[in-house]
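Trainee: Here you go, one structure.
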Amino acid sequence: MGQSLSVRNLEAWYGSNKTLHGINMEIAKNEVTAIIGPSGCGKSTFIRCINRMHDTLPGAKATGEILLDGANIYANDPVELRRTVGMVFQKPNPFPAMSIFDNVVAGLKLNGMRNKKKLKEAAEKSLNMAALWDEVKDRLGHSGMSLSGGQQQRLCIARALAVEPSVLLMDEPASALDPIATLRIEELVTQLKSSYTIVIVTHNMQQAARIADSTAFFLNGELVEHGATSDIFMTPRDKRTEDYITGRFG
Amino acid sequence: MNKQDKVRTRTAIGDLTLRLLTLGMALVVVGLMIWIGWQMYVSSQESIAKFGWSFLTNRVWDPVKENFGALPFIYGTLVSSLIALALAGPIGVGVAIFLNEMASRKVRSVISFLVELLAAIPSVVYGLWAIFILAPMLRNSVEPWLNKHLGFIPLFQGSPVGLGMLAGGLILAIMILPTIAAISREVMAAVPNTQREAALALGATKWEMIRIAVLAYSKSGILGGVMLGLGRALGETMAVTMVIGNRPDILPSLFAPAYSMAAVIANEFTEATYSLYLSSLVEIGLILFAITLVLNALARLLVWSVSRGPKGGQLV
Ligand SMILES: Nc1ncnc2c1ncn2[C@@H]1O[C@H](COP(=O)(O)OP(=O)(O)OP(=O)(O)O)[C@@H](O)[C@H]1O
Ligand SMILES: [Mg+2]
């Protein structure tokens, strides 16, 4: 089941450079929330705060609160958090030294699961959810690098799903893919929301309109507007949102 | 001839010249190898004719009785190099991990510089240091300690001497450490950050991240670095001969004096008063040459098989 997120006054820095200026945002569970905004406005920084990947960069820090079903993530262990909040990156990044199978179960093995049968079941289940099973079931022992870019990205989605997170963060997961592979990822996202809370960064406004229940518009490190996707695109309240979605800047 | 044809001819001639030139250079290297090997083979004819294969298994080296066997030197070279590898391998990789994954930028540049400096020290200086500092330390504290706690293993039996196989292996370890550390660090630095993030995002701890993202990605390169270190250890002469004890014996204890192939050649070449003696020394050189070649080939094979990874994939 998905978990809800509640962001309170989140500020983030790279060294002395402040990138997020106090974000307040509610993210509902089992919904797809899209983050849109011009390049450099802090979308990646924002979602990297949610699984505390931001903290891993030297010199980077974040303040404020992010409540995951009510519990502040900054009060708990980041390693534990990342098992609950999974992430898919912009460029597919399978582990090249591992087979397809080992890639999918990498997270489970980290959690200490050794039972071969359980690992197999989990791999099949996650690959199925990522709509990749049929394409790879006969070559699970091959390298993850032997797949196409779109397949690699679905492999990374399967890898993130295998540990059964409750939140899935996706940073432009389809930007390196062709239209057909993109469509598959989009279908996937809509299917997954029954079990996960999904936050997806996208540059593609049609994509946001197609898959997101709610959409948030970021500008210069601030959250300008957040609401139901149809409202954001049809009747934006803020002039800057309107300018952005009608293509007047960005 | 029109202009286009002229350009085409010119490129063709240029390409051909370049090809022949580089081919020639490559052939020079190969030719040199064969020539050296052949010359050593010719110069060791006398010893080869007299002792045959038993030269490899004979444990006696007695110039007075004109009886020569290479086994003690082969043993000394291999064992001292193995000790060096066993110590410098893990430590070198550890240093690389620390520098690359843990240390701040400042600490990293200072320590990297110091480690590289280690490689620049002439081996005779290492030898001197080993004679005056390392050997007494081994004799007075390390060897007695090993003997007391691990004395049930034959390797650590016998009286502490200081100058011996252990000292030889240790000095080699120190000398090849920079090679292993520097190469390992370079290949680890080449691991894309996206790999580290992939592991961390799955909930890996720092150490797990290093294991599944960094080490797995760079293992063939690290192996290459270790093998380069081994190559250096096999051929190192000066520092080893100063501390290994220079006694052509095969003794189970690591404390006992030993000898190495490179060391005996350097030490006895000028004293080789008759041709069989000289010929036997050259044959030892030939064996060292062969061992180095074989180990390098094996190393290549190993690196290649590791870098292949799972089916259909190719590590960088
Ligand atoms: N590793 C970093 N070190 C320093 N500054 C950074 C770093 N990553 C991002 N920034 C800065 O933080 C700001 C926000 O970057 P961020 O990556 O969050 O933007 P984004 O909205 O994801 O952009 P894009 O759409 O291009 O991916 C930018 O001004 C950028 O220069
Ligand atoms: Mg981004």
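Trainee: So, in the range A:74-90, of the ones that are part of a loop (DSSP other than H, G, I, E, B) and buried (at least 16 other Cβ atoms within 10 Å of the Cβ), which residue ends up nearest to the other protein chains (Cβ to nearest Cβ)?
Mentor: This residue is A:Phe89.
Trainee: State the number of residues belonging to the range B:110-155 that are without any contact (Cβ under 8 Å) to a residue 12 or more places away in the chain and among the polar types (S, T, N, Q).
Mentor: Matching residues across the range B:110-155 total 1.
Trainee: Check every one of the helices (runs of 4 or more DSSP H) wholly within the range B:187-257 and list those with 3 or more residues that are in contact (Cβ under 8 Å) with a residue 24 or more places away in the chain and out of contact with any Pro (no Cβ under 7 Å at 6 or more places or on another chain).
Mentor: B:216-235, B:238-243
Trainee: Of all the residues that make up the range A:35-78, how many are within 11 Å of ligand 2 (Cβ to nearest atom) and aromatic (Phe, Trp, Tyr)?
Mentor: Number satisfying all stated conditions: 1.
Trainee: Evaluate the following for A:Asn115: is it within 10 Å of another protein chain (Cβ to nearest Cβ), farther than 28 Å from A:His203 by Cα and more than 16 Å from ligand 2 (Cβ to nearest atom)?
Mentor: Judged against the criteria, A:Asn115 is not a match.
Trainee: Out of all the residues in the range A:52-87, which are among the β-branched types (Val, Ile, Thr) and touching a residue at least 60 places away in the same chain (Cβ under 8 Å)?
Mentor: A:Ile66, A:Thr84, A:Val85
Trainee: Taking A:Ala12 as the residue in question, decide whether it is over 16 Å from the mean Cα position of the chain (by Cα), crowded, with 23+ Cβ neighbours inside 10 Å, within 15 Å of ligand 1 (Cβ to nearest atom) and part of a strand (DSSP E or B).
Mentor: yes
Trainee: Turning to a different aspect of this structure: How do the helices (runs of 4 or more DSSP H) wholly within the range B:101-162 filter down when requiring 3 or more residues that are within 20 Å of B:Pro257 (Cα to Cα): which remain?
Mentor: B:123-129, B:143-150
Trainee: So which residues in the range B:249-281 are within 25 Å of B:Phe152 (Cα to Cα) and not β-branched (Val, Ile, Thr)?
Mentor: Selection gives B:Asp249, B:Leu251, B:Pro252, B:Ser253, B:Leu254, B:Phe255, B:Ala256, B:Pro257, B:Ala258, B:Tyr259.
Trainee: Consider only pairs whose beta carbons are under 7 Å apart and that are at least six residues apart or on different chains; among these, list those whose first residue lies in the range A:198-223 and is within 14 Å of chain B (Cβ to nearest Cβ) and whose second residue is among the β-branched types (Val, Ile, Thr) and within 14 Å of ligand 2 (Cβ to nearest atom).
Mentor: Qualifying pairs under 7 Å: A:Val199/A:Ile35; A:Val199/A:Ile47; A:Val199/A:Ile50.
Trainee: Mind listing whichever residues of the range A:165-193 are among the aliphatic types (A, V, I, L, M), within 16 Å of ligand 1 (Cβ to nearest atom) and either touching a Lys or Arg at 6+ places or on another chain (Cβ under 7 Å) or at pLDDT 90 or above (or both)?
Mentor: Passing the criteria: A:Leu169, A:Met170, A:Ala176.
Trainee: Further, regarding this structure: Is it fair to say A:Asp102 is touching a helix residue (DSSP H, G or I) at 6+ places or on another chain (Cβ under 9 Å) and more than 16 Å from ligand 1 (Cβ to nearest atom)?
Mentor: Spelling it out, A:Asp102 is indeed touching a helix residue (DSSP H, G or I) at 6+ places or on another chain (Cβ under 9 Å) and more than 16 Å from ligand 1 (Cβ to nearest atom).
Residues checked against (1) more than 16 Å from the chain's Cα centre (by Cα); (2) under 20 Å from B:Gly94 (Cβ atoms); (3) surrounded by fewer than 21 Cβ atoms within 10 Å (Cβ to Cβ):
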position	(1), (2), (3)
B:Ile153	yes, no, yes
B:Val161	yes, no, yes
B:Gly168	no, no, no
B:Leu172	no, yes, no
B:Thr179	no, yes, no
B:Ile183	no, yes, no
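Trainee: May I pose another question? Counting just the residues of the range A:17-73 that are away from ligand 1 (no atom under 11 Å from the Cβ), more than 14 Å from chain B (Cβ to nearest Cβ) and in a loop (DSSP other than H, G, I, E, B), which one comes out surrounded by the fewest Cβ atoms within 10 Å (Cβ to Cβ)?
Mentor: A:Gly70
Trainee: Might you let me know whether the range A:134-147 holds any residue that is within 21 Å of the chain's Cα centre (by Cα), within 24 Å of A:Val32 (Cβ to Cβ) and of a type in the set (Gly, Ala, Ser)?
Mentor: Looking for residues that are within 21 Å of the chain's Cα centre (by Cα), within 24 Å of A:Val32 (Cβ to Cβ) and of a type in the set (Gly, Ala, Ser), one finds none in the range A:134-147, hence no.
Trainee: Right, another one. Right, A:Ser99: of a type in the set (Ser, Thr, Tyr), within 13 Å of another protein chain (Cβ to nearest Cβ) and within 16 Å of ligand 2 (Cβ to nearest atom) or not?
Mentor: No; evaluated as a whole, the condition is false for this residue.
Trainee: Among the residues of the range A:79-101, is any of a type in the set (Gly, Ala, Ser) and over 30 Å from A:Leu119 (Cβ atoms)?
Mentor: Looking for residues that are of a type in the set (Gly, Ala, Ser) and over 30 Å from A:Leu119 (Cβ atoms), one finds none in the range A:79-101, hence no.
Trainee: Same structure, new question: Filter the range B:188-214 for residues that are of a type in the set (Val, Ile, Thr), more than 7 Å from chain A (Cβ to nearest Cβ) and in contact with a Phe, Trp or Tyr (Cβ under 9 Å, 6 or more places away or on another chain) and give the result.
Mentor: The one that is of a type in the set (Val, Ile, Thr), more than 7 Å from chain A (Cβ to nearest Cβ) and in contact with a Phe, Trp or Tyr (Cβ under 9 Å, 6 or more places away or on another chain): B:Val191.
Trainee: Among the residues of the range A:133-175 satisfying the criterion of being hydroxyl-bearing (Ser, Thr, Tyr) and within 11 Å of chain B (Cβ to nearest Cβ), which is surrounded by the fewest Cβ atoms within 10 Å (Cβ to Cβ)?
Mentor: A:Ser146
Trainee: What number of residues in the range A:194-248 are closer than 21 Å to A:Ser166 by Cα, within 15 Å of ligand 1 (Cβ to nearest atom) and of a type in the set (Val, Ile, Thr)?
Mentor: Adding up the residues that qualify gives 5.
Trainee: Under 7 Å by Cβ, and 6 or more places apart or on different chains, what pairs join a residue from the range A:25-51 that is under 19 Å from A:Ser4 (Cα atoms) with one that is more than 13 Å from ligand 2 (Cβ to nearest atom) and basic (Lys, Arg)?
Mentor: These pairs meet every condition: A:Asn30/A:Lys193; A:Glu31/A:Lys193; A:Val32/A:Lys193; A:Asn51/A:Arg82.
Okay, residues lined up against (1) under 21 Å from A:Asn111 (Cα atoms); (2) of a type in the set (D, E, K, R):
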residue	(1), (2)
A:Ile35	no, no
A:Ser44	no, no
A:His54	no, no
A:Lys61	no, yes
A:Val79	yes, no
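The values are calculated or read from the model by the stated rules, or taken from the named source; none is laboratory data. Small disclaimer: the values here were computed from a predicted structure and weren't measured. Quick reminder, even Gly has a Cβ in these numbers, built from the backbone with ideal geometry, and neighbours come from all protein chains shown.
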